[in-house]
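The values are calculated or read from the model by the stated rules, or taken from the named source; none is laboratory data. Just so it is clear, the model here is predicted, and its values are computed rather than measured. Positions of Cβ are backbone-derived with ideal geometry, glycine not excepted, and every protein chain shown enters the neighbour counts. Only protein heavy atoms, including side chains, enter the accessible area calculation; ligands, DNA and RNA are left aside. Shrake-Rupley method; radii C 1.70, N 1.55, O 1.52, S 1.80 Å.
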Amino acid sequence: MPPKVNVVSLVSVGRHPQSGRSRRAEQDGRAVELGLKLSKKSLTVVHAGDSQEPVLRQYAGMGLDSLTVLPQAADGDALPVLVEFLKNSKAQVVLTGVRAESGESSGMLPYLLAEQLGWPLVPRVAEILTIKEGAAEVLLALPRGQRRSVIVSLPFIATVDNAAAEARQTAFGPGLRADLKVLNVESVTDDAMATWQISAAKPRPKRLKVVKAKTAADRMKAATAKPVGGGGKVMKNETAAEKAQAIFDLLLEEKVVR
Amino acid sequence: MILDWLPPTLIGVLLVLAGIGAIRRMNLWRAGQAEKVDFLAGLFAMPKRYLHDLHHVVERDKYMSRTHVATGGGFVLAMVLVVFVHLFGVKNEILAWALLAALVLMFCGALFVYKRRMNPPSRLSKGPWMRLPKSLLTFSITFFVLTLPAAGILPEGTGGWILTLVLSVLILMSLSEMLFGMTWGGPMKHAFAGALHLAFHRRPERFGGGRSTGLKPAALGEASHGVAKPTDFKWNQLLGFDACVQCGRCEAVCPAFAAGQPLNPKKLIQDMVVGFAGGTDKKYAGSAYPGVEVGNAKGAPDQIITNGLISSDTLWSCTTCRACVEECPMMIEHVDAIVDMRRFLTLEKGETPNKGAQVLENIIATDNPNGYSPASRTHWAADQNLNLMKDVKQADVLFWVSDGAFDMRSQRILRAFVKLMKAANIDVAILGDEELDSGDVARRLGDDAAFQSLAKRNLATLSKYSFKTIVTTDPHAFHCLKNEYGDFGSDALKGVEVLHHTTFLNRLVKEERLQLDTFKGGKVTYHDPCYLGRYNGEYEAPRELLASLGIDVAEMERSGYRSRCCGGGGGAPITDIPGERRIADMRMEDVVSTGAEMVAVGCQQCTAMLEGVVEPRPVVKDIAEILVSQLAEEVNS
Ligand code: SF4
Ligand code: SF4
């Protein structure tokens with residue numbers, strides 16, 4: 001891996017599913033891990049939010065010398081400051097989790113960033129194999145441990161799937177001593193959020209899976225499969241109109257569009 | 001006589017060389033970290049510590065204790081007299097006769113050392129240690145002959161210059177061992193370092209029958225945490241390592257060594273010496289770490305220990321059972337050293353092996369090692385009708401439930417204990433969801449930051465309520481509460497008696513507050529949990545409880561202070577370093593060899609480990625469970 005690539009990993013404050021306590025977010029931790037693997041020297045880890053947040057020390061404890069904070073108030077919008085920061089940085093690869101564990105948790109941030117920066121977005125990355133000559137070979141995580149290899153040109157944004165390597169243990173000492181670089185940026189209030197009403201989430205009803213498996217291997221497959229709606233279809237040779245129709249039909253069928 | 005000057009000169013020169021060696025050695029120790037020691041009190045207490053405390057341990061091997069008194073006592077006395085008679089040339093027949101007597105005593109002792117070395121058990125180191133009895137014998141014979149003229153037994157000048165020359169050669173040989181070797185790293189080093197180690201021991205509370213088993217808190221927020229290099233140890237820890245006599249008693253009792261995991265406490269201490277003195281382990285002549293060849297370890301005072309001196313697996317194999325510390329005649333503190341080095345691996349390197357990282361992360365995020373919802377901590381007691389401290393604010397007894405609350409097997413023990421307390425009408429309350437993990441596992445895994453955070457938060461909770469006694473069924477939590485929470489400047493446990501449930505129940509039985517029927521099952525043996533026995537000295541209460549049921553405990557060969565660990569302590573099941581056998585299996589073999597049908601324990605961790613042994617095997621039950629099944633039903637209920 002040429003050490004020249006500038007990698008930025010974006011991290012947020014996670015939330016432990018059992019205790020509800022702040023923690024290093026699963027996927028963001030993996031984003032830092034992947035960044036460390038690509039190049040420890042030219043990795044910048046960035047958090048937009050409270051610079052006093054103790055969880056930042058847990059990320060730093062993965063062996064980071066420093067961590068950049070774009071200070072934002074609790075009602076701040078991370079998007080504009082991140083766009084600003086990335087525009088002015090030499091970032092070539094930006095890694096994020098698929099979605100945050102707290103806050104809106106919409107999973108939209110990487111898409112909005114990609115849109116505003118005009119960069120490609122690579123969703124659910126399991127691994128970045130090589131980066132050379134301005135392009136990266138990336139493995140996407142598909143259900144059931146399948147992988148798809150794609151080539152994407154730099155710069156790009158990638159979200160890191162749970163299939164990527166687990167975040168390394170965080171060590172107390174280095175985390176404590178890491179340098180927090182708090183940049184001087186304006187806190188942008190998220191006006192839209194101010195109008196929202198927030199209530200505790202309830203677990204979503206799960207689609208019933210009727211398992212018709214006959215053998216143990218089939219049952220295993222059914223039990224471990226990521227929930228995929230019905231039978232998927234890969235359309236390669238059809239026209240764009242046909243593909244669009246297929247998507248539209250599916251949305252109707254799933255009652256997303258009525 | 002032309003050569004008369006030779007023996008005194010040799011003695012003088014070797015004494016000076018020994019003095020130089022002593023200063024060099026002390027400088028090696030002084031490279032360690034500062035630690036406050038009461039030097040004068042220590043030095044004054046040293047003879048008593050030697051005669052009383054050290055010998056108390058040596059006494060367990062009667063053969064060796066007598067041998068050592070004769071040899072060591074004889075030598076010290078003889079050496080002092082040699083200085084007067086032969087170096088300063090004091091002409092006094094009484095002194096000379098006293099010297100002869102001391103030498104005879106030493107000679108007799110040395111004969112027994114020699115005998116032991118004819119067919120030494122594997123735990124003893126060989127190499128230079130094999131030559132020691134010969135040096136001892138040479139010393140005593142040589143000076144005996146040399147002193148005969150002074151005592152008036154032989155006329156001056158007997159044997160002429162030839163005898164003088166021969167004696168001089170022998171003096172050189174034996175004194176090289178006894179004086180030069182003492183301070184330049186020979187086997188006799190143990191006498192020099194050992195004496196000072198006794199004087200400047202880091203846990204002086206251990207002398208005079210005391211107990212000091214709580215780990216010392218790590219200083220947090222420094223430039224580094226834990227021990228990375230030999231010089232990160234306190235200076236008196238380094239001195240302690242140097243005191244090792246390589247007797248291998250620690251090796252003989254170490255469960256990890258017996259299980260074929262890569263740990264041998266004796267070798268570990270020797271490697272620490274290699275580390276702070278610099279060099280390799282090529283000269284080490286004892287048993288290796290199982291599965292690791294001797295000769296490849298290199299160390300230096302400022303070299304990271306786990307980079308080439310010892311492998312981190314060695315450190316993670318330890319169950320912190322303290323068997324080695326209990327057995328060590330030199331009162332060396334192996335567990336302190338091991339946890340000190342683990343602290344570096346966890347707090348600085350983030351290299352806690354296997355499930356360690358996850359367990360620590362869970363502890364930090366949920367206050368329990370398995371990451372259960374903290375709000376489910378009291379689910380086990382849904383049908384127990386127990387008061388919560390939050391509601392009642394005070395009670396006679398606070399029942400510290402421990403993380404057993406989350407485990408179905410341990411819950412049976414908890415319920416049994418609650419039933420017994422109810423039968424005795426105890427005014428008891430629990431903390432409920434306010435209770436957090438005691439921090440035991442985090443601390444033994446080297447994460448003192450997590451431990452201290454838990455300890456401080458637990459203490460803050462405890463300080464809100466008033467109670468006279470705190471009782472727990474978990475010896476690990478018991479140890480933390482009793483011996484380790486005191487370091488954090490809280491008054492929460494001031495004047496509070498911390499008890500293990502067996503001690504508490506034993507009192508109830510003695511006060512006749514529990515009516516128990518005689519036990520009619522088969523043979524029963526008892527397994528002493530390390531954290532109850534060696535850590536807290538409670539060997540009697542569990543046995544008395546069993547006796548109160550009419551049970552005549554069929555003791556295992558290794559019981560009481562020599563109990564063998566179940567393998568569950570120190571986070572060992574979490575780090576899970578592979579060996580040839582499982583420690584729990586070996587302990588179950590100990591149980592089986594007594595012919596018992598049931599093994600009584602006093603710890604949920606021991607229960608889990610011993611029950612994990614494949615059946616058929618004896619039944620494993622906590623003492624609370626055994627008592628509960630013998631609880632006499634009240635006649636009118
Ligand atoms: S550490 Fe103690 S028990 Fe072990 S060999 Fe040395 S002196 Fe003996
Ligand atoms: S504490 Fe126990 S396991 Fe650890 S070295 Fe000592 S005897 Fe071995």
Only unsatisfied item for B:T469, checking (1) outside any helix (DSSP H, G or I); (2) under 28 Å from the mean Cα position of the chain (by Cα); (3) polar (S, T, N, Q), is (2)
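Return yes or no: is A:K37 over 15 Å from the mean Cα position of the chain (by Cα), part of a helix (DSSP H, G or I) and either at positive phi or touching a residue at least 12 places away in the same chain (Cβ under 8 Å) (or both)?
It is true that A:K37 is over 15 Å from the mean Cα position of the chain (by Cα), part of a helix (DSSP H, G or I) and either at positive phi or touching a residue at least 12 places away in the same chain (Cβ under 8 Å) (or both).
Would you confirm whether or not the stretch B:502-524 contains a residue that is among the aliphatic types (A, V, I, L, M) and either within 16 Å of ligand 1 (Cβ to nearest atom) or under 22 Å from the mean Cα position of the chain (by Cα) (or both)?
No: the stretch B:502-524 contains no residue that is among the aliphatic types (A, V, I, L, M) and either within 16 Å of ligand 1 (Cβ to nearest atom) or under 22 Å from the mean Cα position of the chain (by Cα) (or both).
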Only one of (1) more than 19 Å from the chain's Cα centre (by Cα); (2) more than 14 Å from chain A (Cβ to nearest Cβ); (3) within 16 Å of ligand 2 (Cβ to nearest atom); (4) closer than 18 Å to B:I577 by Cβ does not apply to B:G286, and that is (4)
Given (1) within 12 Å of B:L398 (Cα to Cα); (2) open to solvent by 20 Å² or more (accessible area, probe 1.4 Å), B:R457 misses just (1)
Across (1) away from chain B (no Cβ under 14 Å); (2) surrounded by 19 or more Cβ atoms within 10 Å (Cβ to Cβ); (3) of a type outside the set (S, T, Y); (4) in contact (Cβ under 8 Å) with a residue 40 or more places away in the chain, A:G103 clears everything bar (2)
Reported set for the stretch B:7-49 where residues are closer than 28 Å to B:L87 by Cα and within 24 Å of the chain's Cα centre (by Cα) is B:L43, B:M46, B:P47
Filtering the stretch B:239-283 down to residues that are within 10 Å of ligand 1 (Cβ to nearest atom), of a type in the set (S, T, N, Q) and either open to solvent by less than 10 Å² (accessible area, probe 1.4 Å) or closer than 22 Å to B:R582 by Cβ (or both) yields B:N264
Scanning the stretch B:371-394 residue by residue, those in a loop (DSSP other than H, G, I, E, B) and farther than 23 Å from A:V13 by Cβ turn out to be B:R377, B:T378, B:A382, B:D383, B:Q384, B:N385, B:L386, B:K393
Check: Is at least one residue of the stretch B:64-81 exposed (fewer than 13 other Cβ atoms within 10 Å of the Cβ), assigned to a helix (DSSP H, G or I) and free of Cβ contacts under 8 Å to residues at least 60 places away in the same chain?
Finding: no
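Of everything in the stretch A:38-50 that's under 21 Å from A:L109 (Cβ atoms) and open to solvent by 30 Å² or more (accessible area, probe 1.4 Å), which residue is farthest from the other protein chains (Cβ to nearest Cβ)?
Only one residue tops the list, namely A:T44.
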Listed by range, strands (runs of 3 or more DSSP E) wholly within the stretch A:135-219 having at least 2 residues that are of a type in the set (D, E, K, R) are A:147-153, A:179-182
Within the stretch B:211-229, residues within 14 Å of chain A (Cβ to nearest Cβ) and over 17 Å from B:E35 (Cα atoms) come out as B:G221, B:A223, B:S224, B:A228
For the stretch B:193-235, the count of residues that are more than 23 Å from B:Y535 (Cα to Cα), open to solvent by 30 Å² or more (accessible area, probe 1.4 Å) and not aliphatic (A, V, I, L, M) equals 6
Going through the stretch B:313-330 in order, the residues found to be more than 14 Å from chain A (Cβ to nearest Cβ) and more than 8 Å from ligand 1 (Cβ to nearest atom) are B:D313, B:T314, B:L315, B:S317, B:C318, B:T319, B:T320, B:C321, B:R322, B:A323, B:V325, B:E326
Out of (1) open to solvent by 10 Å² or more (accessible area, probe 1.4 Å); (2) under 19 Å from A:G173 (Cα atoms); (3) within 14 Å of ligand 2 (Cβ to nearest atom), the one B:C324 does not meet is (2)
Going through the stretch A:175-199 in order, the residues found to be open to solvent by 70 Å² or more (accessible area, probe 1.4 Å), within 14 Å of another protein chain (Cβ to nearest Cβ) and among the aliphatic types (A, V, I, L, M) are A:L176
Filtering the stretch B:371-429 for residues that are in contact with a Lys or Arg (Cβ under 6 Å, 6 or more places away or on another chain) and either open to solvent by 30 Å² or more (accessible area, probe 1.4 Å) or within 14 Å of chain A (Cβ to nearest Cβ) (or both) leaves a count of 1
With criteria (1) free of Cβ contacts under 8 Å to residues at least 60 places away in the same chain; (2) surrounded by fewer than 19 Cβ atoms within 10 Å (Cβ to Cβ), B:S438 comes up short on (2)
Among the residues of the stretch B:14-38, the number that are in a helix (DSSP H, G or I) and under 24 Å from B:P204 (Cβ atoms) is 7
With the first residue restricted to the stretch B:107-127 and required to be assigned by TED's automatic domain parsing to the domain that holds B:R249, and the second required to be open to solvent by less than 30 Å² (accessible area, probe 1.4 Å) and within 16 Å of ligand 1 (Cβ to nearest atom), Cβ contacts under 6 Å at 6 or more apart or on different chains are none
Pairs returned, first residue in the stretch B:328-341 that is among the small types (G, A, S), second residue that is open to solvent by 10 Å² or more (accessible area, probe 1.4 Å) and more than 12 Å from ligand 1 (Cβ to nearest atom), beta-carbon separation under 7 angstrom, 6 or more apart or interchain, are B:A337/B:Q237
The residue from B:P155, B:P133 that alone is crowded, with 19+ Cβ neighbours inside 10 Å and either on the phi < 0 side of the Ramachandran plot or at pLDDT 90 or above (or both) is B:P133
Listed by first then second residue, the pairs whose first member lies in the stretch B:552-565 and is assigned by TED's automatic domain parsing to the domain that holds B:G522, whose partner is more than 16 Å from ligand 1 (Cβ to nearest atom) and aromatic (F, W, Y), with beta carbons under 6 Å and at least 6 positions apart or on separate chains, are B:V553/B:Y526; B:G560/B:Y539
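State the number of residues belonging to the stretch B:551-595 that are in a helix (DSSP H, G or I) and open to solvent by less than 10 Å² (accessible area, probe 1.4 Å).
Within the stretch B:551-595, the subset in a helix (DSSP H, G or I) is B:560-562, B:572-575, B:583-593.
Right, trim to open to solvent by less than 10 Å² (accessible area, probe 1.4 Å) and you get B:575, B:584, B:586-588, B:591.
Of the residues in the stretch B:551-595, 6 are in a helix (DSSP H, G or I) and open to solvent by less than 10 Å² (accessible area, probe 1.4 Å).
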Note on the stretch A:159-174: residues among the aliphatic types (A, V, I, L, M) and within 14 Å of another protein chain (Cβ to nearest Cβ) are A:A165, A:A167, A:A171
Looking across the stretch B:347-370 at residues that are of a type in the set (A, V, I, L, M, F, W, C) and within 8 Å of chain A (Cβ to nearest Cβ), the single one that is farthest from B:R444 (Cα to Cα) is B:A365
